[in-house]
Structure formats: C-alpha cells, structure tokens
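Below: the structure, in structure tokens.
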Amino acid sequence: GEDGVVTIVDAAASAYEAGTIDLQTYLSELELALTRLDAFDNQLAAKIRTGKIDEPEATELTEMSASIRQAISSLIANAVP
C-alpha cells in the first residue's frame with residue numbers, strides 16, 4: 001500500500017536523490033521503514049507460530065523481509081552527509 005515499507009523507501013530515496021529532502025529527513029524515513037518492517041516481522045512470526053502461514057511461504061517471506069532490511073540498512077550506512 002501507499003504506507004508500505006518499499007513505498008516509503010522508494011519515495012525517500014527518490015526525493016533525497018532529487019534534492020527535495022535533506023539527509024535528516026531521508027534517514028528518518030528509512031528509520032520509519034525499518035519500524036514498519038519490525039511490525040511486519042512480528043506479525044509474520046506470530047502467524048508462523050500459529051500455523052496461519054506454512055512452509056515454503058514462511059521461509060520465503062522471512063527471507064524477503066531480511067533482504068529488504070539489509071537493503072535499508074545499506075542505504076542508511078551509505079547516506080552521504
């Protein structure tokens with residue numbers, strides 16, 4: 001959705017690259033995305049525990065989330081002041 005993690009990251013990266021937001025705003029948006037990803041991970045873990053999500057989907061979703069988290073962390077680490 002419009003408030004989804006990937007949407008937040010894409011919008012923040014585009015705006016930062018275009019110079020329409022400053023570094024602090026960019027980093028804040030990336031942190032917001034990580035917070036939303038934390039919430040997703042918690043919901044995912046609960047659904048896996050209760051059997052609402054089975055394999056192989058459980059592993060696929062967990063790996064996708066980890067990949068997105070790694071990409072966001074890389075963006076934060078490489079942000080140029």
(message) Report the Cα-based extents of the chain along its three principal axes, largest first, to the nearest Å.
(response) 45, 22, 14
(message) In Å², and per residue, what accessible area does the chain have when probed at 1.4 Å with the other protein chains present?
(response) 67 Å²
(message) So, R0 is 35 Å and r is the distance between the beta-carbons of residue 52 and residue 10; what FRET efficiency does that work out to, to 0.05?
(response) 0.75
(message) Taking a ≥ b ≥ c as the square roots of the Cα gyration tensor eigenvalues, with a/c under 1.5 meaning rounded and otherwise prolate when a/b beats b/c, else oblate, which class fits region 34-81?
(response) oblate
(request) Over region 4-68, with every protein chain in place, what whole percent of the accessible area is carbon and sulfur at 1.4 Å, could you tell me? (result) 56 percent
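The values are calculated or read from the model by the stated rules, or taken from the named source; none is laboratory data. Please read all numbers here as calculations on a predicted model, not as lab measurements. We place every Cβ from the backbone using ideal geometry, glycine too, and count neighbours over all the protein chains shown. For accessibility, only protein heavy atoms count, side chains too; no ligands or nucleic acids. Shrake-Rupley method; radii C 1.70, N 1.55, O 1.52, S 1.80 Å.
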